[in-house]
Every structure is written in structure tokens, then in C-alpha cells.
Amino acid sequence: MQISIRTWEIEDVPDFITAINNEKVLDNLRDGIPYPCTEKEATAFIEATMNLDDDTRYLFAITCDNKAIGSMGVFRKDNVHRLTAEMGYYLAESYWGKGITTTAIKLTCTYIFENTDIIRIFAQPYTNNKASCRVLEKAGFKNEGTMRQNAIKNGQLMDMEMYALIKE
Ligand SMILES: CC(C)(COP(=O)(O)OP(=O)(O)OC[C@H]1O[C@@H](n2cnc3c(N)ncnc32)[C@H](O)[C@@H]1OP(=O)(O)O)[C@@H](O)C(=O)NCCC(=O)NCCS
């Protein structure tokens, strides 16, 4: 099982749809992702990732033996936070619990630190998302505290954790 990250390809549309069309995934992400995600929406997303030409967003497919099984995104902040970036990710449910996201996060952070001037990568899982908190800890991120009632998701106020990794 070869786990890697790579740019999205248009052939990934069916696998993209499989991974994202899952309420257990969407419940742990920000709002705004269409559900169910259609072929047209998935195609538009992948085409957009293929045309990125700035240094503010880095979007990858997480792959298992080159099959797209998840998504990884790193988004640069601006102004005085311009050397900081936020990371977001999800994995198709059938691949959970195999250490894959931990590997993908490590690969992504190595890529970002080696190829950009970003020196801090952070992620903000909902406090009740124990799997995501654990993944970040396994990938070397440090917990910097709890942001109380930092979001409203599915009508519920949510605490969030701040995890960050600093370039050595
Ligand atoms: C969070 C997510 C990315 C994890 O991916 P994964 O590949 O299954 O993660 P890993 O296998 O690398 O590690 C999961 C860890 O969480 C632990 N875990 C899973 N569920 C848990 C729970 N309910 N409570 C405590 N720990 C839990 C696992 O035991 C494992 O830790 P271990 O290796 O010490 O045993 C995946 O579940 C997912 O896509 N979730 C929905 C989207 C999401 O939450 N994205 C992140 C938003 S911040």
C-alpha cells in the first residue's frame, strides 16, 4: 500500500465523489461543501485545483497506490500571518484507521516547508473530533489550546482545538 500526495487529475472525479459524499466526513468540515456533491461540482473543483497559479493554496489528492482516496489542502493566511497556513483534510471512510492521514499530513508538511516560505502550519479540528486531534499529534503538531465556542456547526456551538507545526 503506497500512500502519497499528488495533484488532482480529472480521472479522479468518481473517487472524489465517493470520499466527500459522506455526512460523517462533512460533519467534521466547514460548511459550504455541496451535499450530495454532483459530478459537475466535483469536476469544477478538480479543474479549479489544476489551474492554481499562485502561492496561496496548495491542494492535493491523498492517494493509495495512485488511487485518490482523500483530500489535503493548505491555505496561506495574509497580512502579518502570511508565513502561516491552515491545513484541512479528509479521507474516504473505507480507508480510516490505517494511519493513512498521518502519513499524508507528514508528506504535505515536508513538501510545504521545503518548497514554500511558510513556517507555521495549523489545523483547527472540532474538539469532539478525537480522530483528527490524534492524527495531528501523531504527525508532530502541538496543541496550543481550546478555542471555546469558536464555531456553529449543524446548529450547535462547537469548541475547536488549535494545533500547529513549526518549521524546524
Ligand atoms: C480524521 C481523519 C482524517 C483520520 O484519518 P485516518 O487515516 O483514519 O487517521 P489515522 O489512521 O492516521 O489515525 C487515526 C487515529 O485516531 C484514533 N481515533 C479514531 N477514532 C477515535 C476516537 N473516537 N477517539 C479517540 N481516538 C480515535 C485512532 O485510534 C488513531 O490513533 P492511533 O494510531 O493512536 O490508534 C478521518 O477520520 C476523516 O476523514 N474524518 C472526517 C473528516 C475530518 O474529520 N477531517 C479533519 C477535519 S479537522
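We did not get these values from a lab; they are worked out from the coordinates using the rules stated. In this text, all values refer to a predicted model and were calculated from it rather than measured experimentally. Cβ: placed from backbone, ideal geometry, glycine included. Neighbour counts: every protein chain shown.
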Sort out for me the Cα centre separation of region 4-58 from region 141-168, rounded to whole Å. 23
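Take each uninterrupted DSSP H stretch in the chain, measure its Cα extent along the helix axis, and return the ones at 15 Å or beyond whose mean Kyte-Doolittle hydropathy is at least 0.0.
On the way: long enough: 39-50 (16 Å, -0.10); 100-115 (22 Å, 0.54).
Helices passing the filter in the chain: 100-115.
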Provide SER4, SER71, SER94 in ascending order of the number of other Cβ atoms located within 10 Å of each residue's Cβ, fewest first. SER94, SER4, SER71
1/(1 + (r/R0)^6) with r = Cβ-Cβ of LYS138 and SER4, R0 = 22 Å, i.e. FRET efficiency to nearest 0.05, evaluates to 0.75
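If R₀ is 22 angstrom, what is the calculated FRET efficiency for the pair ARG148 and ILE119, using the beta carbon separation as r and rounding to 0.05?
Numbers: r = 27 Å, r/R0 = 1.24.
For ARG148 and ILE119, the calculated efficiency is 0.20.
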Where a ≥ b ≥ c are the square roots of the eigenvalues of the C-alpha gyration tensor, would you call region 95-158 rounded, which needs a/c under 1.5, or, failing that, prolate if a/b is larger than b/c, or oblate? oblate
Charge-dipole axis of the chain as Lys and Arg at +1 and Asp and Glu at -1 on Cβ define it, positive-most pick from THR146, ILE69, ALA19: THR146
Strictly over 23 Å apart at the Cα level, which of LYS98/LYS153; LYS130/LYS153; LYS40/LYS77 would you flag in this model? LYS98/LYS153; LYS40/LYS77
Counting other Cβ atoms within 10 Å of each Cβ, which chymotrypsin sites (Phe, Trp or Tyr not before Pro) in region 43-106 have at most 15 and sit in a DSSP loop? TRP96
Using Cα-Cα distances under 8 Å and only pairs 6 or more residues apart, what relative contact order does the chain have, in percent? 20
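Once you order the gyration tensor axes a ≥ b ≥ c over the Cα atoms, which shape class does the chain get: rounded for a/c under 1.5, otherwise prolate or oblate by comparing a/b with b/c?
Here the chain falls in the rounded category.
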